[in-house]
Structures are given as C-alpha cells and as structure tokens.
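The structure appears right after this line, and notes come after that.
The values are calculated or read from the model by the stated rules, or taken from the named source; none is laboratory data. Source: prediction; values computed, not measured. Glycine also receives a Cβ, built like all others from the backbone with ideal geometry; neighbour counts cover every protein chain displayed.
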Amino acid sequence: MDRLKDKVAIITGAGSGIGRAAARLMSAQGARVLVADHDSAAAEETARTVVETGGEALPWAVDVMDDTSVGDMVEAAVREFGRLDVLCNHVGGTNPRKDLDLLRLDMDEFGRAVDLNVRSTLTGSRYAVPHMIRTGGGSIINTASVAGLVGDVLQISYGAVKAAVVNITKSVAVQYGPQGIRCNAVAPGTIMTPALRDNLPAEVIEALKGYNSLPCLGAPEDIGHTMVFLASDESRYLTGQLLVVDGGMTSQSPAVPGRRAMLPPE
C-alpha cells in the first residue's frame, strides 16, 4: 500500500476512464494526486472518490492546449503538495469523424491533434522537469497508443501524433536521465473506457476480442496499474521505453482469427 508513499503525482485527463483509474490506484499506493481535466466537474468527482477512500487529491481544471494553463497546473501541484515526482501526460485523442484517411482528413483537426497530443506532452514535461531536477529526479509517463505503431484506414492524425509521443518520450529520457528523471510511455490497446462504449456498437466491441491473444478486452485499471509501476521505484532502471499493454493485439498475425477456426476440435 505504500509503493508511492510521499510521492506527488499530476495526472491529466483524470476525470474519467484510464486517468481516473490511475488517480485512484496511485492514491491507494500513497501518492498525493493533482487530478487534472478540462471538465472541472469530472475532476472534482475523481478527487472526491480518492478522498472518500482515504487519499489526498486536488481537482484542477486545465486546458492542455494552453501553455499558461499547463504551467498553472504544475505550479498548483508544487504549491499544494510541496514537490512533484510524477507527471502522467495522459490526455489526448482525435475526433474520429474528422480524422479520416489522407485525402479526407480535416486539416484543422490535424492541427488540433498535434496541440492536444504532442504539444501538451512537450509543455507538461517542460514545466515539470525543473521541479523534478530540484528534488533529485522523477518519472514522466506519457500515453501513446498501439495506433502509433501500425497503419490504419482511418485516423491518420491519431497514429502520427502518438508516434511522435513515443519519440518525445525517448528524447526526454536521454536528455534528463543524468538528472535522475525517467520518461516512459504506455501504449494501450482496446480498453473498455466510457468513450469506447459510447462510440462503438456492442457487436463491434465484441468482435474486437478476436484480435487479441487474450480472451478479453482491457479495463482502465490495466493501464492504471502499469502507470503505478512506472511511477514507483520498482521501475527505477527503466527509461526511454514503450510498454505495449494491448492483450497481445499487436503481437499476432492478422490471419489468426481465421486460422484459429481451422484448428481441429480438442
């Protein structure tokens, strides 16, 4: 229960889904958490659930596409809790109705995707790193995606910006490792978040299970537990890495679902 004892963490996009799970799990391990989200009511709800279970949390409304807002977020965590040990640059995404293939991509959406996913990761890290250096180091955890590792017929922007997040992760790890700062990324596969349930029909969600090696889809807590590990001293010798948490989706051949049907009955 004390893997993160005395550590202070900022988690963006913590109002729901993976971010909320990470906030609750880090708190359960002793971290004091600044719960940041563009939706102030959602941030307050996550913070309330943390406090109700005996944790310490501060809700904070942030616009990660505004540099000043990001800077204020970091300063609030340091002012409230006295230090900063962990930054989870989790917020991100694109609008799948505008982020289409190359010829039908809305270029304004591409610009928004860069700001929401890439610039926010750079800016959050830029504000956090000096505070981490002053206290002897820290852990930055960036949320990438399996979409940054493969091609797809849709969301060309999303794949591009998540690939950029992976490279930023490696560069920050190299540049500030000598000051004791670790930087790693997590690439979730299909995770059963509220956003997934709201945007995909039930039959499509069920079909996605066939593309995993494991007989299930991920839960927000599966990514949250990975973030706890990366925030803790258990990962002290791990930096510049991408942890793919996808149930084996990117490990198997696209032909596997069909070939599985060819197996003789046991």
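Key figures
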{"item": "Where Val204 falls short, out of the listed (1) modelled with pLDDT under 95; (2) outside any helix (DSSP H, G or I); (3) surrounded by fewer than 14 Cβ atoms within 10 Å (Cβ to Cβ)", "result": "(2)"}
{"item": "Single match in Asp85, Asp152 (criterion: at pLDDT below 95 and touching a Gly at 6+ places or on another chain (Cβ under 9 Å))", "result": "Asp152"}
{"item": "Residues being under 15 Å from the mean Cα position of the chain (by Cα), within 22 Å of Gly71 (Cα to Cα) and surrounded by fewer than 24 Cβ atoms within 10 Å (Cβ to Cβ) - total across the stretch 126-164", "result": "1"}
{"item": "Candidate set from the stretch 238-266 (those that are part of a helix (DSSP H, G or I) and either of a type in the set (A, V, I, L, M) or modelled with pLDDT of 95 or more (or both)); member that is surrounded by the most Cβ atoms within 10 Å (Cβ to Cβ)", "result": "Met249"}
{"item": "Only listed residue being at negative phi and touching a residue at least 40 places away in the same chain (Cβ under 8 Å), chosen from Leu196, Leu122", "result": "Leu122"}
{"item": "Failed item in (1) part of a helix (DSSP H, G or I); (2) of a type outside the set (Ser, Thr, Tyr); (3) within 22 Å of Thr239 (Cβ to Cβ), with Phe110 passing the rest", "result": "(3)"}
{"item": "Extreme residue, surrounded by the most Cβ atoms within 10 Å (Cβ to Cβ), among residues of the stretch 184-201 that are under 21 Å from Ala164 (Cβ atoms) and among the small types (Gly, Ala, Ser)", "result": "Ala185"}
{"item": "Residue identified as in contact (Cβ under 8 Å) with a residue 24 or more places away in the chain, closer than 17 Å to Val129 by Cβ and charged (D, E, K, R) among Asp99, Asp67, Asp63, Asp37", "result": "Asp67"}
{"item": "Condition broken by Cys88, with the remaining ones in (1) of a type outside the set (S, T, N, Q); (2) touching an Asp or Glu at 6+ places or on another chain (Cβ under 7 Å); (3) buried (at least 18 other Cβ atoms within 10 Å of the Cβ); (4) closer than 26 Å to Asp198 by Cβ satisfied", "result": "(2)"}
{"item": "Residues of the stretch 130-152 that turn out to be outside any loop (DSSP other than H, G, I, E, B), in contact with a strand residue (DSSP E or B) (Cβ under 6 Å, 6 or more places away or on another chain) and free of Cβ contacts under 8 Å to residues at least 60 places away in the same chain, as a count", "result": "4"}
{"item": "Residues being part of a strand (DSSP E or B), surrounded by 19 or more Cβ atoms within 10 Å (Cβ to Cβ) and of a type outside the set (Phe, Trp, Tyr) - total across the stretch 23-80", "result": "9"}
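Every residue, every condition in (1) without any contact (Cβ under 8 Å) to a residue 40 or more places away in the chain; (2) in a helix (DSSP H, G or I), yes or no:
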site	(1), (2)
Leu154	no, no
Val165	no, yes
Val186	no, no
Leu214	yes, no
